[in-house]
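Trainee: One structure, as structure tokens, below. Some questions next.
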Amino acid sequence: MLDVVNLSHTYGKGPSAHQALGGIDLNVAEGELVCVVGPSGCGKSTLLRSIAGLIKPTAGQIRIRDVAVSDTPGDLAVVFQDYSRSLFPWMTVGDNVALPLRRRGGDRAARRAAAADALEEVGLAAAATKYPWELSGGMQQRVAIARALAYRPSLLLMDEPFGSVDAQTREDLEDLVLKVRELHRMTVLLITHDIDESVYLGDRVIVLKKSPATVVGELSVKLPFPRDQIATRELPAFVHLRAEVGRLVRGKDPFRPFQA
Amino acid sequence: MTTTTSRAGRHAAESGTEGGRRGLLGVLEQMWLIPLVLVAWELGARQGDSIYFPPPTTIVTHMYELWFSGPASHLFLTEEAVDNLPPSVGRLLAGWAIAGVIGVGLGIALGRSKALSGYIDPILEFARAIPPPALIPLFIVLFKLGTQMQLATIVYGVIWPILVNTVDGARHVDRVHADTAQVFGLGRRQRLFRIILPAAAPKIFAGLRLSLSLAVILMVVSELVGATDGLGYLILFKQQSFDLAGMWGAMVLLSILGFVLNASFLFVERRVLSWHRRAQQTT
């Protein structure tokens with residue numbers, strides 16, 4: 001479904017140039033949920049922005065369903081980390097969700113209905129006439145997820161989607177993603193710095209290392225569905241996987257407890 | 001420019017949340033000085049007994065006789081009021097509206113296109129530096145003496161705050177908002193009307209409000225030069241015919257006009273930008 005081939009990106013030119021991506025290869029199969037995990041500032045967001053067509057990578061190729069894309073792909077949705085800046089504060093929640101649907105055709109009533117359905121799916125049926133800033137952070141991120149759902153993308157990108165919410169909300173939102181993804185057989189690429197989250201959510205985890213970002217490892221997560229916040233996380237397989245991902249994220253640095 | 005709006009907004013929100021009683025008291029608290037000043041003025045003017053400084057009661061009675069004692073069919077306006085008030089207000093609003101349309105349109109274009117603003121910005125900086133009244137002689141030559149020249153003066157004078165604020169607002173659309181618009185493939189029209197304009201609206205309104213008070217000033221200035229009607233003309237005419245109470249009256253009319261315009265504008269702004277005010281309160 002998605003193929004990223006030898007993707008490189010360098011910010012700036014000359015001596016101050018900073019290479020963020022150093023030749024990344026990855027692929028996501030149809031209906032798969034792949035988590036990309038790596039330390040903060042390792043270029044994860046650059047990777048996502050390249051796939052979304054928000055920046056032009058300096059080298060490499062991105063293919064969706066075997067078609068090379070250079071601009072923003074037509075049926076791609078993104079859930080950004082910063083929900084408060086991603087939702088438009090001058091529109092109601094319902095209008096926020098319905099706004100991108102014009103492209104999908106259908107009249108106003110049909111778009112409204114589609115938005116209402118998506119909001120119901122994320123448990124916010126009653127919030128359509130509210131404004132985003134009247135909702136809590138977790139609810140705002142649900143709206144952003146509903147907007148992506150209503151858009152019916154063939155590929156959903158999520159950029160640290162739960163990085164700005166509290167732990168309880170985070171677990172709820174993780175389960176929401178698993179639920180809607182199951183329901184719509186969506187293809188998802190989720191970027192996170194949270195090792196546990198990547199294992200809990202993913203069918204596969206891809207680990208990046210820092211500056212420039214390159215793939216250092218890839219793990220298949222063969223944990224049973226449906227996943228459960230308590231039961232899944234206490235499985236020996238889960239514990240083992242997170243240790244392995246953790247080791248890959250840390251790199252080969254030896255354990256040095258007395259150094260800052 | 002932005003501080004004025006946000007302060008006004010906050011103020012409105014405060015009186016809104018603290019209930020009507022507190023709001024009324026607040027108004028009284030702010031208003032007590034006005035009657036005091038009027039009484040002092042009245043006493044001072046009577047004491048001084050100068051024809052140049054008639055007491056307020058004389059001015060008000062004179063205003064009534066001159067302009068507000070007309071027939072009911074004319075909303076009690078006299079002929080002199082009908083001849084001078086509507087043309088003034090009309091030119092003011094028309095000039096302001098024209099400047100608004102041009103200023104917002106051009107401002108959005110300049111704010112969204114680096115290439116365009118690169119070419120045009122320096123020219124604008126020079127044009128902006130000319131005090132608008134200095135252009136009146138040019139406008140008199142270019143346009144007919146009268147409405148055209150007055151409109152040109154008002155438009156030229158009031159367009160800058162609108163233009164500068166719109167450019168600023170359009171240029172600083174939040175990056176995540178812009179990214180979201182691009183990712184979800186919003187069309188040009190949707191981007192303009194649903195994203196850029198609303199995002200820039202708080203700045204645009206700040207500019208429009210400044211321009212509105214500038215428009216009053218330029219309306220008067222343009223009417224002081226070779227006009228045959230309007231409030232500015234009236235002030236000059238009353239002065240020249242030694243009707244000093246009438247001259248003062250026209251000035252009072254002007255201040256009432258300015259007050260009403262500003263209050264109406266704030267009323268509209270408060271409604272249009274209510275999302276902005278309330279969103280800022282929650283974050």
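Trainee: Over the range B:39-105, what portion of Cα pair distances is larger than 17 Å, expressed as a whole percent?
Mentor: Summing the P(r) of the range B:39-105 above 17 Å gives 62 percent of all pairs.
Trainee: Under 5 Å between amide hydrogens, which residues at least 5 positions from A:Glu32 or on another chain qualify, with H placed 1.01 Å from N in the peptide plane?
Mentor: Under 5 Å from the amide H of A:Glu32 lie the amide H atoms of A:Val188, each far enough along the sequence or on another chain.
Trainee: Something else now. From the convex hull of the Cα coordinates of the range A:2-250, what is the mean projected area in square nanometres?
Mentor: Taking the Cα atoms of the range A:2-250, their convex hull projects to 13.6 nm² on average.
Trainee: Next question. What's the carbon and sulfur percent of the range B:87-282's accessible surface, probe 1.4 angstrom, rounded to a whole number?
Mentor: 69 percent
Trainee: Where does chain B land at 222 nm, in deg cm²/dmol rounded to the nearest 500, when only DSSP H runs of n ≥ 4 count, each adding -39500 (n - 2.57), divided by all residues?
Mentor: -26500 deg cm²/dmol
Trainee: Could you work out the local net charge near A:Ser40, counting Lys and Arg as +1, Asp and Glu as -1, over the other residues with Cβ closer than 11 Å to its Cβ?
Mentor: 0
Trainee: Which whole-Hz couplings ³J(HN,Hα) result when phi for each residue of the range A:126-136 is put into the Karplus expression 6.51 cos²θ - 1.76 cosθ + 1.60, θ = phi - 60°, listed in order with x for Gly and Pro?
Mentor: Karplus-based 3J(HN,Hα) across the range A:126-136 equals 7, 9, 4, 8, 7, 9, x, 6, 8, 9, 6 Hz.
Trainee: Run lengths n ≥ 4 of DSSP H only: what is the helix-derived mean residue ellipticity at 222 nm for chain A, with -39500 (n - 2.57) per run over all residues, to the nearest 500?
Mentor: -10000 deg cm²/dmol
Trainee: Now for a different question. With unit charges on the beta carbon (Lys/Arg positive, Asp/Glu negative), name the residue among A:Gly138, A:Gln19, A:Leu124 whose Cα is farthest towards the positive pole of the charge dipole of chain A.
Mentor: A:Gln19
Trainee: Please tell me which of these pairs span more than 23 angstrom C-alpha to C-alpha: B:Lys114/B:Lys203; A:Lys179/A:Lys222; A:Lys210/B:Lys114; A:Lys13/B:Lys114; A:Lys44/A:Lys130; A:Lys56/A:Lys210?
Mentor: Long pairs (Cα-Cα over 23 Å): A:Lys210/B:Lys114; A:Lys44/A:Lys130.
Trainee: Kindly write out, for the range A:186-197 in residue order, the coupling ³J(HN,Hα) from the Karplus curve 6.51 cos²θ - 1.76 cosθ + 1.60 (θ = phi - 60°), rounded to whole Hz, with x marking Gly and Pro.
Mentor: Going residue by residue, I get 7, 8, 10, 10, 10, 9, 8, 9, 8, 5, 4, 4 Hz, with x marking Gly and Pro.
Trainee: Which residue, chosen from B:Thr147, B:Leu261, B:Val220, occupies the Cα position most advanced towards the positive end of the dipole of chain B, where the dipole is computed from +1 (Lys, Arg) and -1 (Asp, Glu) charges on Cβ about the Cα centre?
Mentor: B:Leu261
Trainee: Considering only protein heavy atoms, what per residue accessible area in square angstrom results for the range B:16-111 with a 1.4 angstrom probe?
Mentor: Dividing the accessible area of the range B:16-111 by its residue count gives 65 Å².
Trainee: In addition: Provide the descending list of Cα extents for the protein assembly as shown along its principal axes, expressed in whole angstroms.
Mentor: Here the spans come out as 100, 58, 54 Å, largest first.
Trainee: Straight-line reach only, C-alpha to C-alpha below 15 angstrom: list the aspartates and glutamates that A:Lys209 could link to, leaving out same-chain residues fewer than 8 apart.
Mentor: The qualifying aspartates and glutamates are A:Asp25, A:Asp194, A:Glu218, A:Glu244, A:Asp253.
Trainee: If you don't mind, there's one more thing I want to ask. List the residues, sorted by chain then number, that are 5 or more residues from A:Leu155 or on another chain and whose placed amide H is less than 5 Å from its amide H.
Mentor: Distant-sequence amide H within range of A:Leu155: A:Ala77.
Trainee: Further question on the same structure: First select every other residue whose beta carbon is under 11 angstrom from the beta carbon of A:His184; then total the charges, Lys and Arg +1, Asp and Glu -1.
Mentor: Spelling it out: positives minus negatives among the neighbours equals +2.
Trainee: Work from the charge dipole of the range B:87-282 (Cβ charges, +1 for Lys and Arg, -1 for Asp and Glu, about the Cα centre) and give the residue of B:Gln240, B:Gly90, B:Gly230 farthest towards its positive end.
Mentor: It is B:Gly90.
Trainee: Roughly how much accessible area, to the nearest 100 Å², goes out of reach of solvent when A and B pair up, both sides summed, probe 1.4 Å?
Mentor: 2300 Å²
Trainee: Charges only on Cβ, +1 for Lys and Arg, -1 for Asp and Glu: so what's the dipole of chain A about the Cα centre, in debye to the nearest 20?
Mentor: Dipole of chain A, to the nearest 20 debye: 680 debye.
Trainee: Treating the range A:147-260 as a set of equal point scatterers at the Cα positions, no solvent, please give the Debye-formula log₁₀ I(q)/I(0) at q = 0.14 Å⁻¹.
Mentor: Results for the range A:147-260 at q = 0.14 Å⁻¹ read -0.64.
Trainee: With +1 assigned to the C-beta of every Lys and Arg and -1 to the C-beta of every Asp and Glu, and no other charges, what is the dipole magnitude of chain B about the Cα centre in debye, to the nearest 20?
Mentor: 1580 debye
Trainee: If you add up the charges near A:Ala77, with Lys and Arg at +1 and Asp and Glu at -1, over every other residue whose beta carbon is less than 10 angstrom from its beta carbon, what do you get?
Mentor: Value of the local net charge: +1.
Trainee: Follow-up. Is any helix in chain B, taking whole DSSP H runs, at least 27 angstrom long along its axis by alpha carbon and on average at least 0.5 on the Kyte-Doolittle scale, and which ones?
Mentor: Membrane-span-like by this rule: B:79-112, B:147-171, B:197-224, B:244-272.
Trainee: In Å and from the alpha-carbon atoms only, list the Rg and Dmax of chain B.
Mentor: 22.6, 74
Trainee: Viscosity 1.567 mPa s, temperature 4 °C: what is the translational diffusion coefficient of the range A:42-123 from Stokes-Einstein with a Kirkwood Rh over Cα pairs, rounded to a whole number of µm²/s?
Mentor: Stokes-Einstein gives a translational diffusion coefficient of 87 µm²/s.
Trainee: Got the relative contact order for chain A handy, in percent, Cα pairs under 8 Å and 6 or more residues apart?
Mentor: Over chain A, the number comes to 25 percent.
Trainee: Per residue, how much accessible area does the range A:2-250 have with a 1.4 Å probe, in Å²?
Mentor: About 42 Å² of surface per residue is accessible.
Trainee: About its Cα centre, what dipole magnitude does the protein assembly as shown give when the only charges are +1 on Lys and Arg Cβ and -1 on Asp and Glu Cβ, stated in debye to the nearest 20?
Mentor: So the dipole magnitude of the protein assembly as shown works out to roughly 1140 debye.
The values are calculated or read from the model by the stated rules, or taken from the named source; none is laboratory data. The structure presented is a predicted model; accordingly, all values stated were derived computationally and were not measured. Don't worry about glycine lacking a Cβ; one is built from the backbone with ideal geometry, like all the others, and counts go over all protein chains shown. Side chains included, ligands, DNA and RNA excluded: accessible areas come from the protein's heavy atoms. Shrake-Rupley method; radii C 1.70, N 1.55, O 1.52, S 1.80 Å.
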